[in-house]
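**Student:** Here it is, the structure in full.
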Protein chains: 2
Amino acid sequence: MKLATLRNGHPDGQLIVVSRNLTRAADASDIALNLQQALEQWADAERALRQRFEQLEAGATSSFEFEPSCCMAPLPRAYQWCDGSAFLHHGRLLEKAFKHPPRENFETIPLLYQGGSDDFLGARDEVPMPDEAHGIDFEGEFVAITGRVPMGCDAKSALKHVLLLGQANDWSLRTLVPREMNTGFGFFQSKPSTSFAPVVVTPDELGPAWQDGRMHLDLHVDWNREWFGHPNGDAMHFHFGELIAHAARTRRLGAGTIVGSGTVSNDRPGVGSACIAEKRVIEIIEQGKPRTSFMKFGDTVRMEARSKEGHAPFGAIEQRVVQA
Amino acid sequence: MKLATLRNGHPDGQLIVVSRNLTRAADASDIALNLQQALEQWADAERALRQRFEQLEAGATSSFEFEPSCCMAPLPRAYQWCDGSAFLHHGRLLEKAFKHPPRENFETIPLLYQGGSDDFLGARDEVPMPDEAHGIDFEGEFVAITGRVPMGCDAKSALKHVLLLGQANDWSLRTLVPREMNTGFGFFQSKPSTSFAPVVVTPDELGPAWQDGRMHLDLHVDWNREWFGHPNGDAMHFHFGELIAHAARTRRLGAGTIVGSGTVSNDRPGVGSACIAEKRVIEIIEQGKPRTSFMKFGDTVRMEARSKEGHAPFGAIEQRVVQA
């Protein structure tokens with residue numbers, strides 16, 4: 001089943017089901033007004049939403065053309081957005097380039113930061129940024145959305161709380177990062193509003209591409225219409241269950257918690273990167289200094305996860321950076 | 001005007017108005033179902049809520065006894081909880097005890113971390129913690145709740161977006177803090193669910209105690225029924241407008257954003273502290289090592305902000321720590 005959120009003037013938007021091929025959609029706001037509400041009463045809502053989805057697939061319910069530019073983020077705001085850094089290749093490159101000592105527990109304790117979740121951007125929304133000098137960068141990621149998770153949940157059980165899967169662009173302001181990391185208080189100004197692909201799907205929609213708590217999909221990233229990378233989600237060191245268990249160690253998680261993988265990163269040759277920062281550290285390592293600049297106002301980015309068969313289950317993020 | 005949230009089985013609870021002396025309450029869910037909804041349509045909701053409050057004060061509306069144990073946090077969950085560390089005396093003590101070099105921009109750039117906001121605790125809720133070895137500690141704070149704040153808002157304008165004021169206990173797990181701060185990713189497991197005093201008030205309710213964006217109130221803290229401290233909110237170095245402006249530098253803030261002062265801390269002799277960590281660093285400085293242990297299961301904490309006249313505008317936080 002595939003779900004999205006139509007812009008309707010309300011901060012939480014209107015819930016719709018979307019056809020498997022992302023061409024048609026049907027209203028679902030009679031089942032749950034919005035996605036957050038559906039997630040809170042998932043046992044009931046899921047059954048009714050699946051029925052609507054099957055009717056849509058069969059052409060047996062009134063439907064309309066699915067238009068991503070009319071969508072908000074699937075959860076336009078959330079009560080919890082915790083974003084990991086689970087692709088260790090990315091962290092290792094940063095360490096190497098900046099000559100940081102290896103992080104203790106790097107391979108055993110996930111890195112997770114608390115992200116701002118009150119104002120997400122839709123897949124086609126313009127991205128307002130105050131200043132090019134902040135080092136504007138994209139970060140292609142996979143995300144899982146959970147139901148309620150009890151405190152102390154283990155990694156295996158945590159996977160059972162994953163209700164939906166999706167894709168995000170974790171916008172980052174790189175020149176603001178070092179000061180904030182040095183305080184120990186984590187990212188704040190350096191992580192403006194995150195963007196999401198238009199569609200979220202139940203795990204069964206991915207078939208074998210959802211395996212071991214990881215999305216085995218290539219994340220194709222184009223910057224200004226040119227190929228930038230297509231790393232695969234299979235290289236995630238900590239799977240989503242491990243990230244959720246880490247987040248729930250000392251507290252419960254509410255329904256609608258979004259957990260992010262961190263920027264997708266592979267050590268396979270020729271697959272590129274899912275963020276500019278990573279390309280720059282590779283340049284530092286290989287050429288002594290970074291050659292690629294960060295984004296300018298007017299720049300675009302496109303991100304689309306694709307299966308081996310070429311399907312794009314979540315639709316594409318296609319955004320332009322503009323001056324705030 | 002004073003507001004609170006009654007437990008009614010829904011995650012957002014039921015909005016009520018509370019009498020000035022915190023003895024009576026009246027339903028307000030016909031005006032807005034819950035506080036989040038009221039904050040989203042504040043211009044309309046405020047007028048109707050103030051009218052209900054005046055009727056309650058005049059005994060001219062049906063009312064019931066106000067019982068804090070029936071209350072959830074005023075916002076039982078929020079889309080944004082950003083917590084500062086605006087009392088610099090606290091930071092200076094930590095630096096001195098742990099021989100950290102002085103922080104750059106300590107007096108000019110506020111420290112703010114992104115807090116988890118999906119599962120707050122009410123003022124009388126038990127506080128489930130997984131392990132005493134985590135160094136269970138309270139942190140008495142003041143909070144401001146805002147309406148929508150535009151990106152790039154300056155500190156003075158930011159104060160105009162403060163709609164409500166309140167009081168929080170920012171529970172902390174001290175032995176988990178150093179590892180998380182060292183990663184640069186900020187607090188996560190070390191900051192479990194935050195608790196809030198039962199009542200929030202519009203700024204006018206504080207009279208001269210709301211001044212220069214600071215709450216000039218003593219925050220009385222008792223640990224296991226014994227006095228622990230009563231530092232005053234007037235010593236806040238960065239006022240709430242400055243914290244909000246910092247938070248809104250690279251993004252908009254949604255209605256219902258909660259901004260925290262950080263643990264209240266004074267350099268006045270004899271006023272004690274609002275968290276155990278601060279008492280311990282004073283012991284390290286004065287006696288070479290900490291003498292006070294962190295909390296045990298079964299321990300209680302009481303926090304109540306009081307005006308010069310002895311009024312407690314927000315009611316008291318009275319909680320017991322239990323094993324999760």
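**Student:** Can you tell me which residues in segment B:19-28 are closer than 24 Å to B:V162 by Cβ and open to solvent by 10 Å² or more (accessible area, probe 1.4 Å)?
**Tutor:** B:R20, B:N21, B:L22
**Student:** Test of understanding: among B:R7, B:R52, which residue is of a type in the set (D, E, K, R) and surrounded by fewer than 16 Cβ atoms within 10 Å (Cβ to Cβ)?
**Tutor:** Among B:R7, B:R52, only B:R7 is of a type in the set (D, E, K, R) and surrounded by fewer than 16 Cβ atoms within 10 Å (Cβ to Cβ).
**Student:** If I go through segment A:102-125 residue by residue, how many of them are within 11 Å of another protein chain (Cβ to nearest Cβ) and farther than 24 Å from A:V321 by Cβ?
**Tutor:** Within segment A:102-125, residues that are within 11 Å of another protein chain (Cβ to nearest Cβ) and farther than 24 Å from A:V321 by Cβ number 9.
**Student:** Turning to a different aspect of this structure: Within the bounds of segment B:66-81, is there any residue that is more than 14 Å from chain A (Cβ to nearest Cβ) and over 26 Å from B:E205 (Cβ atoms)?
**Tutor:** no
**Student:** Something else now. Among (1) in contact with a Pro (Cβ under 7 Å, 6 or more places away or on another chain); (2) at pLDDT below 95, where does A:L165 come up short?
**Tutor:** (2)
**Student:** May I ask you to say which residue of A:I31, A:I16 is in a loop (DSSP other than H, G, I, E, B), open to solvent by less than 60 Å² (accessible area, probe 1.4 Å) and among the aliphatic types (A, V, I, L, M)?
**Tutor:** Of the residues listed, the single one that is in a loop (DSSP other than H, G, I, E, B), open to solvent by less than 60 Å² (accessible area, probe 1.4 Å) and among the aliphatic types (A, V, I, L, M) is A:I31.
**Student:** Another question, if that's okay. Is it the case, given these coordinates, that B:I258 is in contact (Cβ under 8 Å) with a residue 40 or more places away in the chain, within 14 Å of chain A (Cβ to nearest Cβ) and either among the β-branched types (V, I, T) or open to solvent by 20 Å² or more (accessible area, probe 1.4 Å) (or both)?
**Tutor:** Yes: the conditions hold for B:I258.
**Student:** Please list, ordered by first then second residue, the pairs with beta carbon atoms under 8 Å, 6 or more apart or interchain, first in segment A:101-112 and farther than 15 Å from B:Q189 by Cα, second open to solvent by less than 60 Å² (accessible area, probe 1.4 Å).
**Tutor:** Partner pairs satisfying both residue conditions: A:P101/A:E95; A:P102/A:E95; A:R103/A:G91; A:R103/A:E95; A:R103/B:T183; A:F106/A:L88; A:F106/A:G91; A:E107/A:L88.
**Student:** Find the residue count for segment B:108-140, including only residues that are closer than 19 Å to A:Q114 by Cα and either modelled with pLDDT under 95 or not small (G, A, S) (or both).
**Tutor:** Total meeting the criteria: 9.
**Student:** Taking only pairs six or more apart or across chains, which ones have beta-carbon atoms under 7 Å, a first residue in segment A:291-302 that is within 11 Å of A:M129 (Cβ to Cβ), and a second residue that is assigned to a loop (DSSP other than H, G, I, E, B) and open to solvent by less than 30 Å² (accessible area, probe 1.4 Å)?
**Tutor:** Listed by first residue and then by second, the contacts come to A:F294/A:G135.
**Student:** Cβ-Cβ distance below 8 Å, separation of 6 or more or different chains: which pairs start in segment B:127-143 with a residue that is away from every other protein chain (no Cβ under 11 Å) and end on one that is in a strand (DSSP E or B) and among the aromatic types (F, W, Y)?
**Tutor:** That search, which allows pairs on different chains as well, returns B:F138/B:W223; B:V143/B:F196.
**Student:** Which members of segment B:173-200 meet the condition of being within 13 Å of chain A (Cβ to nearest Cβ), within 20 Å of B:A305 (Cα to Cα) and not in a loop (DSSP other than H, G, I, E, B)?
**Tutor:** B:S195
**Student:** Taking segment A:293-324 only, how many residues are in contact with a strand residue (DSSP E or B) (Cβ under 9 Å, 6 or more places away or on another chain) and either over 20 Å from A:L3 (Cα atoms) or among the aliphatic types (A, V, I, L, M) (or both)?
**Tutor:** Final tally of qualifying residues: 21.
**Student:** Can you pull out the residues in segment A:300-324 that are open to solvent by less than 20 Å² (accessible area, probe 1.4 Å) and away from chain B (no Cβ under 14 Å)?
**Tutor:** A:V301, A:M303, A:A305, A:P313, A:F314, A:G315, A:A316, A:I317, A:Q319
The rows are residues; the columns are (1) at pLDDT below 95; (2) outside any helix (DSSP H, G or I).
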{"position": "B:I282", "(1), (2)": "no, no"}
{"position": "B:T292", "(1), (2)": "no, yes"}
{"position": "B:G298", "(1), (2)": "no, yes"}
{"position": "B:R302", "(1), (2)": "no, yes"}
{"position": "B:K308", "(1), (2)": "yes, yes"}
{"position": "B:P313", "(1), (2)": "no, yes"}
{"position": "B:V322", "(1), (2)": "no, yes"}
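**Student:** Taking segment A:52-81 on its own, how many of its residues are among the charged types (D, E, K, R) and touching a Phe, Trp or Tyr at 6+ places or on another chain (Cβ under 7 Å)?
**Tutor:** Of the residues in segment A:52-81, 1 are among the charged types (D, E, K, R) and touching a Phe, Trp or Tyr at 6+ places or on another chain (Cβ under 7 Å).
**Student:** Name the one entry in A:G213, A:G186 that is farther than 20 Å from A:V127 by Cα and in contact with a His (Cβ under 8 Å, 6 or more places away or on another chain).
**Tutor:** Checking each option against the conditions leaves just A:G213.
**Student:** Still on this structure, I have one more. Taking A:A45 and the conditions (1) at pLDDT 95 or above; (2) outside any helix (DSSP H, G or I), which numbered condition does it fall short on, given that it satisfies the others?
**Tutor:** The number of the failed condition is (2).
**Student:** Show me the strands (runs of 3 or more DSSP E) found entirely inside segment B:76-150 where at least 3 residues are surrounded by 24 or more Cβ atoms within 10 Å (Cβ to Cβ).
**Tutor:** The qualifying strands (runs of 3 or more DSSP E) are B:81-84, B:112-115, B:140-146.
**Student:** A:L165 is checked against (1) open to solvent by 10 Å² or more (accessible area, probe 1.4 Å); (2) more than 12 Å from chain B (Cβ to nearest Cβ); (3) not small (G, A, S) and fails just one. What number does that condition carry?
**Tutor:** So A:L165 meets the others, but not (1).
**Student:** Also: Could you list, in sequence order, all residues of segment B:264-278 that are open to solvent by 10 Å² or more (accessible area, probe 1.4 Å) and either touching a Lys or Arg at 6+ places or on another chain (Cβ under 9 Å) or within 14 Å of another protein chain (Cβ to nearest Cβ) (or both)?
**Tutor:** If the condition is that a residue be open to solvent by 10 Å² or more (accessible area, probe 1.4 Å) and either touching a Lys or Arg at 6+ places or on another chain (Cβ under 9 Å) or within 14 Å of another protein chain (Cβ to nearest Cβ) (or both), then B:D267, B:G272, B:A277 are the ones that fit.
**Student:** Mind listing whichever residues of segment A:279-324 are hydroxyl-bearing (S, T, Y) and closer than 26 Å to A:M72 by Cβ?
**Tutor:** A:T300, A:S307
**Student:** Just one of the numbered conditions (1) out of contact with any helix residue (DSSP H, G or I) (no Cβ under 8 Å at 6 or more places or on another chain); (2) closer than 20 Å to A:W171 by Cβ; (3) not in a loop (DSSP other than H, G, I, E, B) is not true of A:L56; which one?
**Tutor:** Going through (1) out of contact with any helix residue (DSSP H, G or I) (no Cβ under 8 Å at 6 or more places or on another chain); (2) closer than 20 Å to A:W171 by Cβ; (3) not in a loop (DSSP other than H, G, I, E, B) one by one, A:L56 breaks only (2).
**Student:** Another question about this same structure. Could you tell me whether A:S172 is under 30 Å from B:P102 (Cβ atoms), more than 16 Å from the chain's Cα centre (by Cα), open to solvent by less than 10 Å² (accessible area, probe 1.4 Å) and of a type outside the set (D, E, K, R)?
**Tutor:** No.
The values are calculated or read from the model by the stated rules, or taken from the named source; none is laboratory data. Predicted model, so just to flag it, every value in this text is computed and none were measured. Neighbour counts run over all protein chains shown; Cβ positions are idealised from the backbone, glycine included. Side chains included, ligands, DNA and RNA excluded: accessible areas come from the protein's heavy atoms. Shrake-Rupley method; radii C 1.70, N 1.55, O 1.52, S 1.80 Å.
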